[in-house]
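What follows draws every value from the coordinates through simple rules; no lab data is involved. Quick caveat: nothing in here was measured; it's all calculated off a predicted structure. All Cβ positions, even for glycine, are placed from backbone atoms using ideal geometry, and neighbour counts span all protein chains on display.
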Amino acid sequence: MIEIELPFPPSVNHYYRRVGPRTLISREGRRFRERVCAILAGLGIGGLEGALHMEIEVYPPDRQRRDIDNLQKSLLDALQHGGLYADDSQIKKLNIEMRGCVRGGRTLVRLEEVWNA
């Protein structure tokens, strides 16, 4: 099982920006994605090819009300962009849990290949 500690992800409400007719990843979203890519590169983790089981624990930076489903998109996309896996369609089981606040926020991801796709 792989365990990775990451920054707290931006909500999907802050991940995208509209610029005229185009939808782009926001500055905050790009910064998050770059940090995730750097962490994955530093750990030398990547290239998972089989079906995946992922467990996520998110620790928000404050007591602001958040929808847990709005946090997944930026996290899963950043992990894919960082090369952890080829496509987030490989994730066959996903558990996500909102935990208590920690200063600065953080995310803990546990991931294992469960069978070959």
Gain in span if fully extended, R66 to R110, counting 0.36 nm per residue against the direct Cα distance: 13.7 nm
Treating only Lys and Arg (+1) and Asp and Glu (-1) as charged, each at its beta carbon, one finds that the chain has a dipole about its Cα centre, in Debye to the nearest 20, of 740 debye
Theoretical ellipticity at 222 nm over the chain - DSSP helices of four or more residues, -39500 (n - 2.57) apiece, nearest 500: -9000 deg cm²/dmol
Where labels lie 7 Å past Cα in the beta-carbon direction, separation of I2 and R99 in nm: 2.0 nm
Scaled by the rule-of-thumb 2.2 N^0.38 Å, the alpha carbon Rg for the stretch 2-115 gives a ratio of 1.05
Could you give the distance between the Cα centres of the stretch 1-23 and the stretch 44-68, to the whole Å? 12 Å
Given 0.36 nm per residue, what is the gain on full extension from E28 to E55 after removing their alpha carbon distance, in nm? 7.3 nm
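What number, in percent, do you get for the relative contact order of the chain if the mean sequence gap of Cα pairs under 8 Å and at least 6 apart is divided by its residue count?
In percent, rounded to a whole number, it is 43.
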When the chain is treated as a Gaussian network with springs between alpha carbons less than 10 Å apart, the largest mean-square fluctuation among V58, V12, V102 is found at V102
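Output the peptides 19-28, 38-47 sorted from most to least packed, where packing is the average of other Cβ atoms within 10 Å over each peptide's residues.
In descending order of packing, they fall as 38-47, 19-28.
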